[in-house]
Amino acid sequence: MKKLLCFFCISVFLFQANAQDEQKGNIAAINGIEMYYEMYGSGEPLVLLHGFFETGDWWDFIIDDLSEHFQLIIPDLRGHGRSTNPLDHWTMSQSAKDIFALLDNLGIEKFNGIGVSTGAKTLLHMATQDTQRVASMVLIGGTMYYPEQFRESVREGNYIIDNLSERRLANLCTRSSFNTYFRICKKERVYSIYSTLTNVRCS
């Protein structure tokens, strides 16, 4: 009986926590998907884009500080977290178009951006698609070009991932050693580049 009561209390707690998380953000219907996003603070718009296999929650550690100076827009990229992706593929170019569509939906014309990995590459695509809208950007671990050898290895990797079970893929993406490394490093890394944000401009 005690075990049953304990299980019930834990279930209620988790349900309430999940409900609170769901209430933090909004859903925008754009480009044939439902994109989840959160907004904090006021001031110049600052878009924060997470990396692959991550979500907008990656930025939780720095929201309080940045929201004192900027209006933060923090989405889950297409197919990540609480955002949908009805297509059978994913591209940086489409990701950039999604973020532009989200900003259009919010009535935001010009913005600053910080992106990590895939988020950084999404910002690069945005800067090339429309140079007038990106006021400044900080890229963390972004790559401007992939040689054919790398593209081939990615295609092979995608084949392997496509043939992994959902359980094995979930375990791969949530290994504690991987996440712990980034949890420790990311705060120092983002703080170190934060002061440069207004000095990096895209003409």
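The values are calculated or read from the model by the stated rules, or taken from the named source; none is laboratory data. Computed from a prediction, not measured in an experiment: that's the story for all the values here. With ideal geometry, Cβ positions are generated from the backbone for all residues, glycine too; neighbour counts draw on all protein chains shown.
Side notes on the structure shown:
- Pick from the range 73-101, criterion farther than 19 Å from residue 117 by Cβ and among the aliphatic types (A, V, I, L, M), ranking: farthest from the chain's Cα centre (by Cα): 87
- Condition check for residue 112: modelled with pLDDT of 55 or more and assigned to a strand (DSSP E or B): yes
- Residue match in the range 85-98 (condition: surrounded by fewer than 21 Cβ atoms within 10 Å (Cβ to Cβ), more than 23 Å from residue 130 (Cβ to Cβ) and small (Gly, Ala, Ser)): no
Here is a yes/no grid of residues against (1) in contact with a Lys or Arg (Cβ under 9 Å, 6 or more places away or on another chain); (2) charged (D, E, K, R):
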residue: 54; (1), (2): no, yes
residue: 90; (1), (2): yes, no
residue: 110; (1), (2): yes, yes
residue: 113; (1), (2): no, no
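- Only one entry of 55, 84, 122, 118 meets the criterion of being more than 18 Å from residue 140 (Cα to Cα) and β-branched (Val, Ile, Thr), and that entry is 84.
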